[in-house]
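Enquirer: Below is the structure I would like to discuss, written out as structure tokens.
The values are calculated or read from the model by the stated rules, or taken from the named source; none is laboratory data. These numbers were taken from a predicted model, which means no experiment stands behind them. Methodologically, a virtual Cβ is constructed for each residue, glycine included, from the backbone with ideal geometry; neighbour enumeration extends over all protein chains shown.
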Amino acid sequence: MTVPAILVVEDQLLLRMDAMFMIEDAGFLAVGARDTADALRILEDRTDIRVIFTDIDMGDGPDGLWLAACVRDRWPPIHIIVTSGHRRVTADMMPDGALFLDKPYTEEQVLTHVRRLAA
């Protein structure tokens, strides 16, 4: 049985590492990306990503909502969880089927969605 891979996209290193440790501790393979360009390179190289967990604000360059739309268009089977502590996101801003979690989120909130989506 293959362990589902979860792509964590977060420009802040400590937040990215914290999310990756949380996901790995729950039994998943965590793959980290520092920005949307890095995430796209990973998605082009890997076929085992089941869920993408992305922050919206990435500093310079395209944001996490742009990335979510790209993932929905290019890799429709990949599930998407978007998070932000600074932006209010409405359903019409999100790609079909994507979920939004406000920061600060709890480990239980994230893992409940990841487990359901990666199954």
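Enquirer: For the stretch 23-40, enumerate the residues that are touching a strand residue (DSSP E or B) at 6+ places or on another chain (Cβ under 9 Å) and either free of Cβ contacts under 8 Å to residues at least 24 places away in the same chain or aromatic (Phe, Trp, Tyr) (or both).
Expert: If the condition is that a residue be touching a strand residue (DSSP E or B) at 6+ places or on another chain (Cβ under 9 Å) and either free of Cβ contacts under 8 Å to residues at least 24 places away in the same chain or aromatic (Phe, Trp, Tyr) (or both), then Glu24, Phe28 are the ones that fit.
Enquirer: Within the stretch 77-119, take every residue that is modelled with pLDDT under 95, among the aliphatic types (A, V, I, L, M) and in a helix (DSSP H, G or I) and give me the one that is surrounded by the fewest Cβ atoms within 10 Å (Cβ to Cβ).
Expert: Per the criteria, the residue is Ala91.
Enquirer: Give the residue, chosen from Leu7, Leu43, Leu67, that is in contact with a Phe, Trp or Tyr (Cβ under 9 Å, 6 or more places away or on another chain), modelled with pLDDT of 95 or more and either among the acidic types (Asp, Glu) or assigned to a helix (DSSP H, G or I) (or both).
Expert: Values: Leu7 fails: either among the acidic types (Asp, Glu) or assigned to a helix (DSSP H, G or I) (or both); Leu67 fails: in contact with a Phe, Trp or Tyr (Cβ under 9 Å, 6 or more places away or on another chain).
Exactly one residue qualifies, and that residue is Leu43.
Enquirer: If you take the residues in the stretch 41-62 that are free of Cβ contacts under 8 Å to residues at least 40 places away in the same chain and more than 12 Å from the chain's Cα centre (by Cα), which one is surrounded by the fewest Cβ atoms within 10 Å (Cβ to Cβ)?
Expert: Asp60
Enquirer: Okay, moving on. Out of Arg72, Arg16, report the one residue that is over 19 Å from Leu111 (Cα atoms) and free of Cβ contacts under 8 Å to residues at least 60 places away in the same chain.
Expert: Within the list Arg72, Arg16, the selection yields Arg72.
Enquirer: Here's a follow-up. So is Phe53 among the aromatic types (Phe, Trp, Tyr) and assigned to a helix (DSSP H, G or I) or not?
Expert: No, not satisfied.
Enquirer: Can you pull out every residue in the stretch 4-24 that is farther than 17 Å from Ile80 by Cβ and in contact with a helix residue (DSSP H, G or I) (Cβ under 9 Å, 6 or more places away or on another chain)?
Expert: Once the filter is applied, which keeps residues that are farther than 17 Å from Ile80 by Cβ and in contact with a helix residue (DSSP H, G or I) (Cβ under 9 Å, 6 or more places away or on another chain), the stretch 4-24 yields only Met22.
Enquirer: Does the stretch 81-107 hold any residues that are of a type in the set (Gly, Ala, Ser) and within 13 Å of Phe53 (Cα to Cα), and which are they?
Expert: Ser84, Ala98
Enquirer: Residues in the stretch 10-40 that are part of a helix (DSSP H, G or I), buried (at least 17 other Cβ atoms within 10 Å of the Cβ) and not hydrophobic (A, V, I, L, M, F, W, C): how many?
Expert: Of the residues in the stretch 10-40, 2 are part of a helix (DSSP H, G or I), buried (at least 17 other Cβ atoms within 10 Å of the Cβ) and not hydrophobic (A, V, I, L, M, F, W, C).
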